[in-house]
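So that we are looking at the same thing, I have put the structure below in structure tokens.
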Amino acid sequence: MKLYNTLTKTVDPFLPRDPKTVKMYTCGPTVYHFAHIGNLRTYLMEDVLERYLRFEGYTVERVMNITDVGHLAGDTDTGEDKMVAGARREHKSVYEIASYYENAFFEDCRRLNIRKPEKVVPATSCIEDFISVIKTLLDKGVAYPAGGNIYFDTSKVADYYTLTGHSAEALKVGVREDVGEDANKRNKSDFVLWFTKSKFEDQELKWNSPWGVGYPGWHIECSTISMRELGDYLDLHCGGVDNIFPHHTNEIAQSEAYLGHPWCGHWFHVHHLNDETGKMSKSKGEFLTLSLLEKKGYDPLAYRYFCLESHYRKPLTFSFEGLDNAASAYRRLISRTAALPREGEARLLVEKYREEMRRTVGNDLNTAMGITLLYNILKEKAGGRARREALALVDEVLGLSLLEKADALSAAEGTAGKLCGAAGCAKECAENGRPAAPDTRENGADGDPEAEEIEALIARRAAAKKEKNYAEADAIRAALAERGVTLTDTPAGTVWSRR
Ligand code: AMP
Ligand code: ZN
């Protein structure tokens, strides 16, 4: 595939060292709060990338860290330790906070069809490894102790700003202005590898080290975990654009100083999701989570669809209007898929769309074109089975659970029986070779048989949710939405309104 590389600043062929296996590292979440939907955009696009690489036939060895210690706002000791602040906010221990929000993060991922990497490594499980890498950096003369902390000496690195493409001068006045001065540093861009002198006297998580009791800096975490789990060469490193500097810049500096050779060939960065007031961030207090979208009645995969519609290398502005449009487009896609007949020749289209995938999604992860392929498949003249197979092929990469949702929709319509007849779907059903359900609505006791039927479907949906059959629950919501019935889940139960 071709993929933009932040290191070369061009769209390059992606070539892993081993032609069969991709070693992929992802900067994981800092687990002091829920992920916001911006964070999730980044993980979602990384997931599509991984799926695409698998589609191309690669084995993907993927590792993600969990930042459950430290992560200061700056790389001096002047910022706020986010984990400690989170624990204080909720009157819990740092470990409790970390485990709660890690689970919440992976639950969000599950709902968004984001695969969990095979290897997920919490930073707190690697303290000995950090210490060992820092010792080597000291032995090599690229790190130094000062004021109780251990610093990385960026002046020892030939091309420190290689990832950002900025000159050292530009960064000094630009990005780094907010970082408080640390008198211990030899160079402005130096960063802490190990803290012993912390302004956080009540820091819970501290470990013995050759340099005193303390804790690791943030950047050493990813370098060490990546090298430990994936070896001395990495093919692909991912994160959001805010990670480029200083986090990934520092990762490159220390990993290459440690290894003595170039480390990672391809850097993939996802641009930010902004809200109408600017960048979305957890520290802003109120922020948009996936659960909030669900509470408002959105299917998480409608948010996935929303993200896939735009390119990962462009900032994306979130609005509910935009999400509404994506949600109805997604629902229509599901019902059109559900309406496909099941017979006909298979295989015919798959090869064609395998090529189409390479031309589109394989060209710097053009997911919007991937969605267009789904519509093109639906419009094909081929039989229903062939179209379903081609849809499955494309959706293996896009991850919209299209066939599963469509089948659940068909099943829900079947279960509901009356649904088709009542919604004026009979015509469509007849066209697609499905028997239209007998219309028995006039038998309703309260004079509004359609309302009774809607209530019955809502009850069925509640039961499906209880059984964790989310596909069916979503399908019922989608079927009702097609009829102009909107559901709102409230603490007192589901309420509905009709257009
Ligand atoms: P954090 O949990 O803060 O370490 O962030 C987790 C991931 O989300 C990192 O890869 C960040 O680069 C990314 N990220 C942070 N803010 C946004 C945003 N507004 N939009 C997209 N990705 C983001
Ligand atoms: Zn990282």
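The values are calculated or read from the model by the stated rules, or taken from the named source; none is laboratory data. These numbers come from a predicted model, not from an experiment. Virtual Cβ from ideal backbone geometry, glycine too; neighbours counted across all protein chains shown. For accessibility, only protein heavy atoms count, side chains too; no ligands or nucleic acids. Shrake-Rupley method; radii C 1.70, N 1.55, O 1.52, S 1.80 Å.
How far apart, in nm, are the 7 Å Cα→Cβ label points at residue 9 and residue 455?
Result: 6.6 nm between the two label points.
Roll a 1.4 angstrom probe over the protein heavy atoms and tell me the percent of accessible area of region 2-270 that is carbon or sulfur.
Carbon plus sulfur share of accessible area: 51 percent.
Once each part is reduced to its C-alpha centroid, what is the distance from region 257-324 to region 355-410 in angstrom?
23 Å
Strictly over 26 Å apart at the Cα level, which of 116/405; 352/405; 119/314; 20/379 would you flag in this model?
Numbers: 116/405 21 Å; 352/405 24 Å; 119/314 29 Å; 20/379 35 Å.
Among 116/405; 352/405; 119/314; 20/379, the Cα-Cα distance tops 26 Å for 119/314; 20/379.
Label point 7 Å out from residue 213 along Cα-to-Cβ: which residues of region 124-143 have amide N under 18 Å?
127-128
Need one number: nm distance between label points at residue 279 and residue 120, each 7 Å from Cα along Cα→Cβ, rounded to one decimal.
Placing both labels 7 Å beyond Cα along the Cβ direction yields 2.6 nm.
Further, regarding this structure: Could you work out how far apart the two model spin labels at residue 329 and residue 466 are, taking each label as a point 7 Å from the Cα in the direction of the beta carbon, and quote it in nm?
3.7 nm
Next question, about the same structure. How long is the gain from residue 372 to residue 93 if the chain were fully straight, where each residue apart is worth 0.36 nm and the alpha carbon distance is subtracted?
That works out to 95.7 nm of additional length.
Continuing with this model, one more query. Stretch residue 186-residue 488 to full length: gain in nm at 0.36 nm per residue minus the Cα-Cα span?
Full-extension gain reported as 102.9 nm.
Grab the Cα-Cα distance for residue 136 and residue 313, subtract it from 0.36 nm times how many residues apart they are, and report the gain in nm with one decimal.
The residue 136-residue 313 span can extend by a further 60.1 nm.
Straight-line reach from residue 206: which lysines have Cα under 22 Å away, leaving out those fewer than 8 places along the same chain?
Partners within reach: 82, 92, 135, 197.
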